[in-house]
Amino acid sequence: MGEAANPKDGAGDLAILYPERHASIAGVAIIMREYSFAESLRHAGAIQAFTDAITGIALGGNLHDLDSLRLVFGEQSEHVMALIAVACDQPLAWVQALNAQDGEQLLMLWWGTNADFFLQRVLLSVQLRKLREIAGPTSTPPSSPPATGRPTSAATPTVN
């Protein structure tokens, strides 16, 4: 007989690195997953816009407030729906056509799977903004470098 897998042998590491959640939404079997590195690059604009909006909530002290997050989801709805479609490998048109209940279920499935992906970026953004506040305005640029050409005045006579 084979041995039972030891949970300490790393068998679950892939599930931790790339979490997946399964659900049936509007009769479709959905596998919601976290974004890969390549996807994060391909969709950097939408990810950044959404992250910036959440950063604003975090700086206001309301990151823990689901109502504040829901406002961001709504304000960033085009980006959110596109990012959801990517994370569950479904066409954007399918995501947009969901009824309110199915859409809400899909949204919560997506956020539950990808919140850490976004919150890591939000926390970094908050830290960078706070560091900029502490550092103050940037200094003036350095003056131009000295001229390297030959002087245009007459040569100084030498004494023997």
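Only the coordinates and a few stated rules stand behind these numbers; no lab work does. Worth saying up front: this structure is predicted, and the values here are computed from it rather than measured. No Cβ is skipped: glycine too gets one built from the backbone with ideal geometry, and neighbour counts run over all protein chains shown.
For the pair Ala49 and Leu92, label points projected 7 Å from Cα toward Cβ lie 0.9 nm apart.
What does the net charge come to around Leu128 if you take all other residues with beta carbon closer than 13 Å to its beta carbon, with K and R at +1 and D and E at -1? With Lys, Arg at +1 and Asp, Glu at -1, the net is +2. Between the residues Met81, Leu92, Ala58, the greatest Cα displacement towards the positive end of the dipole of segment 46-136, with unit charges on the Cβ of Lys, Arg, Asp and Glu, is found for Ala58.
All other residues with a Cβ under 15 Å from the Cβ of Ala82 taken together, and with Lys, Arg as +1 and Asp, Glu as -1, what is their net charge?
Neighbourhood net charge equals -3.
Expressed in units of 2.2 N^0.38 Å, where N is the residue count, the Cα radius of gyration of segment 13-139 is 1.14.
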